[in-house]
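Report on one structure; see the data block that follows.
The values are calculated or read from the model by the stated rules, or taken from the named source; none is laboratory data. Every value quoted in this text rests on a predicted model; they were computed, and no experiment measured them. Using ideal geometry, Cβ is built from the backbone for each residue, glycine included, and neighbour counts are taken over all protein chains shown. The area values use the complete protein model at the heavy-atom level, side chains included, leaving out ligands, DNA and RNA. Shrake-Rupley method; radii C 1.70, N 1.55, O 1.52, S 1.80 Å.
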Amino acid sequence: MRVLLAGGAGYIGAHTAVALIEAGHEAVVLDDLSNSSAVAVERVGRITGTTVPLVIGDAAEDAVVAAAFDDHGPFDAIVHLAAFKAVGESTQKPLEYYANNLGTTYALLRVGIARGIRSFLFSSTGTVYSDPADLPFTETSTTSIDLSNAYSKSKRMNEVVLEDVARVNPALSVTSLRYFNPVGAHPSGLIGEDPTGIPNNLMPYVARVAVGSLERVGIFGDDYDTPDGTGQRDYIHVVDLAAGHVAALENAQPGYDVFNLGTGSPVSVLELIAAFERASGRELPREVLPRRAGDVAATYCDPAKAQAELHWQATRTIDDACRDSWNWQSQNPAGYASA
Ligand code: UDP
């Protein structure tokens, strides 16, 4: 397959590009580099021994997407990972988040369908599930649009759009992949997560503490109703997540479908910090802070559907993720800017 990866210079996109190429497919990246780096795309080329074309532009503009098809198409599939993803920021900039996160989908679908793509994969999120009584979440668990932030709402809104578009394009395969918490890095240490500014997410924050660029990990609450009182998440190694995209494309069926991509095993904040201490051999200073607004005690999935229908399952552990994250962070203490 020849695949257009919108947002392919980002964290998940770069790992997905590697996975696609290693599985024998061709990848072309379209990215506006607003929260990503061209260095990542060069390094995907280095890892895979290829040159990966990079089209720099806004995937929300039809003309940009059409030019990518003109210059690098035809494409069999579009993988859409081009979105703003900072949860906190999204509550301050809802219009920017809705415009970008839906506008990219509209343009990619309009142009992609006109140019005859067979499949469309969408980066969704496990935060669309709204009822903790449903844990572990399956694809039929209750979803809501009434979520705590514009980022998550924009993802659920996209799913509604995709389901309707699939209905009137019955030959097209449209798949939403509901990611749980992506962590880790490629084992080469050449690509990894490179957040701008102070990381909001736990794993990159812990990695910065381990390299010494941040002082201590703040634990957002230790009085949750969980085994050790800290929040539990379903951390999925980004290399497993990338493999999930390849599996979804290779097993794509006409119509709309949804798959959870997670491990199914909850890991607490304290367990993640302990795993990173083992991986890095460093003691990580920490302090307990108040709960973060909008956080839930626990979220994790039942990944059985992806296993049954995509023949995919996560195989990497939290220790693998911490080792690879530490390898990436210690080789690139300032991310791609270290290059
Ligand atoms: N968390 C924390 N300190 C941080 C960042 C996150 O204790 O500096 C906790 C957070 O409360 C949650 C877990 O770590 O229980 C994962 O948070 P993250 O932001 O990585 O993912 P999300 O909340 O989006 O699942």
Report for the range 135-284 the percent antiparallel among DSSP-assigned beta bridges with both residues inside it, nearest 5. 15
Given the peptides 229-236, 103-110, 132-139, 43-50, arrange them by the average over their residues of other C-beta atoms within 10 Å, most packed first. 229-236, 103-110, 43-50, 132-139
If you take the charge dipole of the range 1-102 about its Cα centre, with +1 on Lys and Arg Cβ and -1 on Asp and Glu Cβ, which of 69, 18, 34 is farthest toward its positive end? 18
The simple spin-label model distance between residue 38 and residue 253, using points 7 Å out along Cα→Cβ, in nm, is 4.3
Going by average Cβ neighbours within 10 Å, how do the peptides 211-224, 67-80 rank, with the highest at the top? 67-80, 211-224
Cβ under 12 Å from residue 263's Cβ, residue 263 left aside: what net charge do those residues give with Lys, Arg +1 and Asp, Glu -1? -2
Rounded if a/c under 1.5, otherwise prolate or oblate - the range 202-323, Cα gyration tensor axes: prolate
Sequence ranges 53-61, 23-31, ranked by mean other-Cβ count within 10 angstrom, highest first: 23-31, 53-61
Tilt relative to the chain, helix 94-114 - C-alpha long axis, 0 to 90 degrees, to 10: 40
Using the crude model of +1 on Lys and Arg Cβ and -1 on Asp and Glu Cβ, and no other charge, please compute the dipole size for the chain relative to its Cα centre, in debye to 20. 320
Looking only at the chain, where both bridge partners belong to it, what percent of the DSSP beta bridges are antiparallel (to the nearest 5)? 5
Unit charges at the beta carbon, dipole of the chain: most positive-side option, 198, 339, 242: 339
Across the chain, how many lysine pairs, 8 or more apart or on two chains, come within less than 19 Å at their alpha-carbon atoms? 5
Heavy atoms of residue 186: accessible area, 1.4 Å probe, square angstrom to 10: 30
